[in-house]
1. Could you calculate the contour length gain from Leu211 to Glu65, that is, 0.36 nm times the residue separation minus the distance between their Cα atoms, to one decimal place in nm?
2. When only Cα pairs under 8 Å and 6 or more residues apart are kept, what is the percent relative contact order across segment 1-55?
3. Once you place label points 7 Å from the Cα toward the Cβ at Ala12 and Asp48, how far apart are they in nm?
4. Within segment 1-80, what whole-number % of the accessible surface is contributed by carbon and sulfur, with the 1.4 Å probe and all protein chains included in the calculation?
5. Where only protein heavy atoms count, and the probe is 1.4 Å, what is the accessible area per residue for segment 16-127 in Å²?
6. At 0.36 nm per residue, and after removing the present C-alpha to C-alpha distance, how many nm does the segment from Gln172 to Arg204 gain when stretched out fully?
7. Expressed as a whole number of Å, what is the distance separating the alpha-carbon centroids of segment 62-79 and segment 163-192?
8. Defining a contact as two alpha carbons under 8 Å apart and six or more residues distant in sequence, what relative contact order in percent does segment 54-129 show?
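The values are calculated or read from the model by the stated rules, or taken from the named source; none is laboratory data. The structure presented is a predicted model; accordingly, all values stated were derived computationally and were not measured. With ideal geometry, Cβ positions are generated from the backbone for all residues, glycine too; neighbour counts draw on all protein chains shown. These area figures cover heavy atoms from the full protein model, side chains too; ligands, DNA and RNA do not enter into them. Shrake-Rupley method; radii C 1.70, N 1.55, O 1.52, S 1.80 Å.
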Amino acid sequence: MTIRVLIVDDQALIRTGIATLLSRKADIEVVGQAGNGREALDLVASLDPDVVLMDVMMPVMDGVEATRKLAERGPRPAVIMLTTFHDDERVLQSIAAGARGYLLKDVDHRVLADSIRTVAGGGALIHPQITAQLLPRLARLASTSATTSSSPSDVASILTPRERDILRLLAQGYTNQEIGEQLALSVGTVKNHLSVIFAKLAVRDRTQAALWAREHLL
């Protein structure tokens, strides 16, 4: 199956460069390009892409707002934020808006292609460098929530059904390969899911994630 991709960036040179790299992938087709979020909304309606590569900062309508409006329409297309920004707030805003991935523009083209395949298949991912940067911020948020009205079920609700399945298997001691075999996922996709789970739960590794799952009866 060919994955249909829409590239959204206000810099034509960047759009063209990404399109050229992706054109070399047999299973990926760039079906259109847009220069801002408003154009993206129109093109999504007419082109029906599977994945949108969305810049964060753009004129007319930025990527976060465009992603939010796309999410209101339905689960398709999956959005990957592709940006030069490491800003914590932008990352959190993008995730809250419904983005399924957040990558830096200097990512290798092979990683970008694999990321497109991951989100097209229902997965999610965050650039490892951004995940590491987010952990302290998320830990503070989790600590604040714990002292107010949040409950374990509130926290668990931010995980998708697929992420909860992976977390349950991790807590039972399964390896990434075994989790993939149980859920018909590649090892790379499992790793991507785990990076997102770690970020959402504000934990640093699979041991802390497993302990969290056991404590909260997942």
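1. Gain in length upon complete extension: 49.0 nm.
2. It rounds to 52 percent for segment 1-55.
3. Those two pseudo-labels are separated by 3.0 nm.
4. Numbers: 1960 of 3760 Å².
The C+S portion of the solvent-accessible surface of segment 1-80 is 52 percent.
5. Heavy-atom accessible area per residue stands at 43 Å².
6. Values: separation 32, 0.36 × 32 = 11.52 nm, distance 1.81 nm.
Net length gain for the segment: 9.7 nm.
7. 27 Å
8. About 28 percent, as a whole number.
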